[in-house]
1. Could we say that E149 is surrounded by fewer than 21 Cβ atoms within 10 Å (Cβ to Cβ), over 13 Å from the mean Cα position of the chain (by Cα) and within 30 Å of A420 (Cβ to Cβ) here?
2. What is the residue count in region 31-70 for residues that are within 16 Å of F95 (Cβ to Cβ) and of a type outside the set (G, A, S)?
3. Please give the number of the condition E128 fails out of (1) without any contact (Cβ under 8 Å) to a residue 60 or more places away in the chain; (2) closer than 24 Å to D183 by Cβ.
4. Would you be able to say whether some residue in region 212-222 is touching a Leu at 6+ places or on another chain (Cβ under 8 Å) and assigned to a helix (DSSP H, G or I)?
5. From the list E117, E110, which one is part of a helix (DSSP H, G or I), within 27 Å of A85 (Cα to Cα), free of Cβ contacts under 8 Å to residues at least 12 places away in the same chain and of a type outside the set (S, T, Y)?
6. Only one residue in E53, E26, E43, E60 is over 38 Å from the mean Cα position of the chain (by Cα), modelled with pLDDT under 90 and charged (D, E, K, R), so which one is that?
7. Considering only residues that are more than 23 Å from the chain's Cα centre (by Cα) and buried (at least 21 other Cβ atoms within 10 Å of the Cβ), look in region 392-425 and name the one that is nearest to T374 (Cα to Cα).
Amino acid sequence: MFRTLLALAGLLAVFWSSPESVRAQEDFFQKGLLLARESRFEEALDAFSRAIESRPDHAEAYNNRGAVHHYRKDYANAVEDYTRAIQLRPDSADFYNNRGASWLQRGAWEKAQSDFEKALDLGPGFAEAHKNLGMVLYLRSDYDGAAREYTRALELRPRAAEIFNNRGAAHYQKGSYFNALKDYTRAVELSPSLAEAYKNRGIVWFRMGHVEKAVEDFGLALQHDPFFADAYKNRGMAWYHAGRYNEALNDYIEALRLDPESPEVNNQLAWMLSVCPDPKYRNGSKALDLARKAVGLSESLATLDTLAAAHAEFGDFMAAAEIQEKVVALANGSRPEEHRRYLQRLEAYKDRRPWRSRPGAEKAHSYPASGVVTASRANIRSDPSIASEILAKLGRGETAALLWKEGEWYLIEINPGRWAYAHESVISSGPAAPSAGAAELGRFFVVGVDLARVREHASTDSAIIHRLRRGERVLSPQTMTDWHQVVLPDGRTGWVHKGLFIKNQ
């Protein structure tokens, strides 16, 4: 989700900062700089080592040799050299930042965080250290902290596309799709070839249910990076969700060719070959091979769940049920809907039935939807805030495409590729408005009781699907005897007995 190029710009900047010294020492040091700049790392290591032999207290030579080790992915030796540089120059923010980057690559997140924080104590305006601290906080699941550090980095480097991309990832993990979408869009505006940001924006669209927009962004990512396995994998997921199984299969196969050791790619292809509704795309034997490999690479709920499905498709229901029981046990504490699906699969395997997915059938929301303006005027704004710029105005009864709702705000599309926001007080999710105008939309009713039950059908025997509270105002497209059909905030429709309303408008 975010780019892991940590402190490379900072390391290069340090390459070009050396103190005065004797000519022989500086010859080796300057030679090391030139060789490192040309990516001739073995020769650069030798040059910096000879500079250190000539002058053992040469802090910059230790730092730059550490940088070369870092580039060569020899993070243990990088940390050792940075530590020596820090001992010689304990006031250098650069040295702490660079050591933090190597600690991070070694998975020592606590040590990395400590070094980045020390770098910022020594140099509060150090954008790279803010960015790197944001990365380690992200990896430690402190998404609020990560977003805060990325924001501070952007205050210092307001045109850094990579940092917008990374902050977008933090917003996404927080569930703030509005902010994630905005940051990813800004990232590609600043750097139109940043494939990672297109891919990440595609994931947001996919989570919102906008498969076409997701596929478009994954395609843009691949246009700029034809070897981007993760973009192929994600586009494959989008195609599968849309029921475009042939396109999904082709993308999964290409992703696997580019990254054969990816547990996610192996797992996604195994899942499709196990549970696809179209039998011509199922292959139990191949699915089992891929699922076993995925579990070997990374055992998780997702990979074990797929392995169980693959066993079931292969016909080994005993193994499928045994693995699925483990999945159900491990899933305790997960979201209720997710746990329910694991249980449903377990029951299927016990009944000797393979699992069949229903792409799109388990959609957890009702977007995209049509929105109807319920106020005399709806201000369409540039951001989800009443203090933001008004981009357009809609009158009562006019409609707009609602892409998502977050908090009290709807995301709407005012032009292709241009998004804006409308407050829930002025627009309601519901069926599309007929062209004849607002008079044909029905009437607006106000709830007159403490709690009004909304039922699936016009009957007291029907299931309750929602509850409205006193004072809530809803649109009623039609009436049936003693019942009014109402449009709910999420775009669904239900039925409320007319005696529960106090007036209509």
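The values are calculated or read from the model by the stated rules, or taken from the named source; none is laboratory data. In this text the structure is predicted, and so the values were computed from the model without any measurement. Every residue, glycine among them, receives a Cβ derived from its backbone with ideal geometry; neighbour counts consider all protein chains shown.
1. When the stated conditions are applied, E149 does not pass them.
2. Total meeting the criteria: 12.
3. (1)
4. No, because not a single residue in region 212-222 is touching a Leu at 6+ places or on another chain (Cβ under 8 Å) and assigned to a helix (DSSP H, G or I).
5. Going through E117, E110 in turn, just one is part of a helix (DSSP H, G or I), within 27 Å of A85 (Cα to Cα), free of Cβ contacts under 8 Å to residues at least 12 places away in the same chain and of a type outside the set (S, T, Y): E110.
6. None of the others qualify; the one that does is E26.
7. Checking each candidate, the answer is L394.
A quick yes/no check of all residues on (1) among the small types (G, A, S); (2) part of a helix (DSSP H, G or I):
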| site | (1), (2) |
| --- | --- |
| A255 | yes, yes |
| E264 | no, yes |
| N267 | no, yes |
| P277 | no, no |
| R292 | no, yes |
